[in-house]
Amino acid sequence: MGLGTAMYRSQAAATAPPLQIDLDAFDAQKKTMALPNGEVLAYIDMGNASGSPVVLIHGYTDNARDWVPMLPYLSKNFRLILIDIRGHGQSSKPECCYSRLDFAYDIKLLLDALSVERADIVGHSLGSIIAQTFAEYWPERTSRVVLISSTGGTPRGTPKKPQFDYASEIRKLKEPLEPDSPFMIAWWDSPTPVDPDFIRRQRRDAAGIPLRVWLAVLDQGLSADNAYADLQRTLPRLQAPALLIWGSKDPIMEEPVRQTLRKALPNAKVKIFPGLGHNPFWEDPRGVADIINAFLAN
């Protein structure tokens with residue numbers, strides 16, 4: 001998920017480092033799998049086919065391409081399974097349902113179809129909530145968990161910051177979504193330069209998601225009304241070794257919501273990247289990959 005200029009001050013004058021992956025070639029790798037629940041999930045299966053499986057789950061309005069900046073730095077020993085979650089990318093976009101368990105069950109069914117018995121699960125933002133849900137409900141299928149820009153929910157009574165109320169801005173959107181509109185440019189803004197073609201494609205694909213899906217995920221998968229109680233209820237089930245990663249300047253996952261996850265997972269390893277925002281694996285892809293490689297190698 002990108003974040004707006006109201007949250008960040010872009011360094012527009014700086015030059016983004018070039019990506020090390022051809023985006024057309026990457027997109028062409030995508031396959032689809034029809035699942036027993038009637039959904040079709042798009043995914044990319046890459047890396048070492050006989051290596052340790054690592055599932056990567058993107059965030060809200062993103063897709064599997066989200067991981068491209070970091071991919072060159074991940075260990076060549078991994079078999080990487082990058083997923084378009086339901087409603088996103090090239091996956092099916094059903095009328096319902098978009099709870100965190102719906103997303104996680106799709107991934108369980110995909111791993112069944114790929115004959116992957118056990119995997120490391122890596123998620124970002126909404127994808128991190130899906131990752132922790134997968135680990136909670138299918139612990140026997142989970143080796144380790146990496147949660148990037150995640151949360152244990154916002155405790156009731158936490159002061160709100162209206163300037164960061166992205167949900168109300170999304171509720172104002174009308175179709176057709178315009179990928180180069182001020183909202184979409186702000187939504188995909190970054191505090192450090194990111195390859196412009198990468199961002200352009202991300203905006204284009206996000207605009208292709210039906211507005212009803214944007215709203216359904218917001219209401220069912222990211223609802224602030226009951227998220228704290230819901231997440232805290234199941235977090236004790238997460239017994240897999242966990243690594244928690246945040247950028248210190250993440251304006252969505254600020255310290256109070258980080259604390260709720262750290263307290264729920266007291267044995268987790270924690271890494272905070274100074275000065276980075278909500279997408280630290282775009283901003284310092286090598287640094288984030290190094291931490292993940294070391295954690296998954298143990």
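Per-residue 3J(HN,Hα) values for the range 79-84, derived from phi via the Karplus relation 6.51 cos²θ - 1.76 cosθ + 1.60 with θ = phi - 60°, read 9, 9, 10, 9, 10, 8 Hz in sequence order (x marks Gly and Pro). Grouping the Cα pair distances of the range 23-162 into 10 Å bins from zero gives a pair-distance distribution of 12, 44, 33, 8, 2 percent in increasing distance order. Dividing the summed helix terms, -39500 (n - 2.57) for each DSSP H run of n ≥ 4, by the number of residues in the chain produces a 222 nm estimate of -9000 deg cm²/dmol to the nearest 500.
The Cα atoms of the range 240-294 define a convex hull whose projected area, averaged across directions, is 3.8 nm². Could you work out the Kirkwood radius for the chain, taking every pair of different alpha carbons, averaging 1/r and inverting it, reported in Å? Value: 19.1 Å, from the Cα pair sum.
Taking the Cα centre of the range 193-274 as reference, the dipole from Cβ charges on Lys and Arg (+1) and Asp and Glu (-1) amounts to some 240 debye. Using 0.36 nm per residue and subtracting the Cα-Cα separation, the extra length available between L211 and E255 on full extension is 12.8 nm. Counting only Cβ charges, +1 for Lys and Arg and -1 for Asp and Glu, the dipole size of the chain around its Cα centre is about 660 debye. Its relative contact order, with pairs defined as Cα atoms under 8 Å and 6+ residues apart, puts the chain at 24 percent. Accessible surface area normalised per residue over the range 100-251 is 42 Å², counting heavy atoms of protein chains with a 1.4 Å rolling probe. Only protein atoms count toward the accessible area here, which uses a 1.4 Å probe; on the chain, the carbon and sulfur part of that area reaches 53 percent.
Once you reduce the range 72-90 and the range 144-210 to the center of their Cα atoms, the two points are 20 Å from each other. Remark: the range 14-95 carries 38 Å² of accessible area per residue (probe radius 1.4 Å; ligands, DNA and RNA excluded). For the range 203-219, 3J(HN,Hα) computed residue by residue from phi via the Karplus equation (6.51, -1.76, 1.60; θ = phi - 60°) reads 4, 4, 5, 5, 5, x, 6, x, 4, 4, 6, 3, 6, 5, 5, 4, 7 Hz, glycine and proline entered as x. Stretching L23 away from T158 to a fully extended chain increases their span by 44.5 nm, per 0.36 nm per residue minus the current alpha-carbon distance.
Where in the range 84-185 are there GluC sites (Glu not before Pro) that are in a DSSP coil and have at most 16 other Cβ atoms within 10 angstrom of their Cβ?
Working: sites: E95, E117, E136, E140, E169; in loops: E95, E117.
Passing both the DSSP loop test and the Cβ count: E95, E117.
Taking one quarter of the surface of the C-alpha convex hull of the range 165-206 gives a mean projected area of 3.2 nm². Residues in the range 253-266 carry Karplus couplings, in order, of 9, 7, 4, x, 7, 5, 4, 5, 7, 4, 5, 6, 10, x Hz; the curve used is 6.51 cos²θ - 1.76 cosθ + 1.60 with θ = phi - 60°, and Gly or Pro positions show x.
Each of I81, V145, L218 was scored by the projection of its Cα onto the charge dipole of the chain, and the greatest displacement toward the positive side belongs to V145; charges sit on the C-beta of Lys, Arg, Asp and Glu. Ordered from largest to smallest accessible area (heavy atoms of protein chains, 1.4 Å probe), the residues Y105, Y166, Y98 come out as Y105, Y166, Y98.
Once C-alpha pairs closer than 8 Å and six or more residues apart are averaged by separation and normalised to the residue number of the range 1-151, the relative contact order reads 23 percent.
Counting every alpha-carbon pair across the range 156-298, the share separated by more than 18 Å comes to 67%. Charging the Cβ of each Asp and Glu at -1 and of each Lys and Arg at +1, and nothing else, the dipole of the range 81-191 about its Cα centre rounds to 420 debye.
The values are calculated or read from the model by the stated rules, or taken from the named source; none is laboratory data. Because the structure is a prediction, the values reported are computed rather than measured. All Cβ positions, glycine included, derive from the backbone under ideal geometry; neighbour counts span all protein chains shown. What goes into the accessible areas is simple: the full protein's heavy atoms, side chains included, and nothing from ligands, DNA or RNA. Shrake-Rupley method; radii C 1.70, N 1.55, O 1.52, S 1.80 Å.
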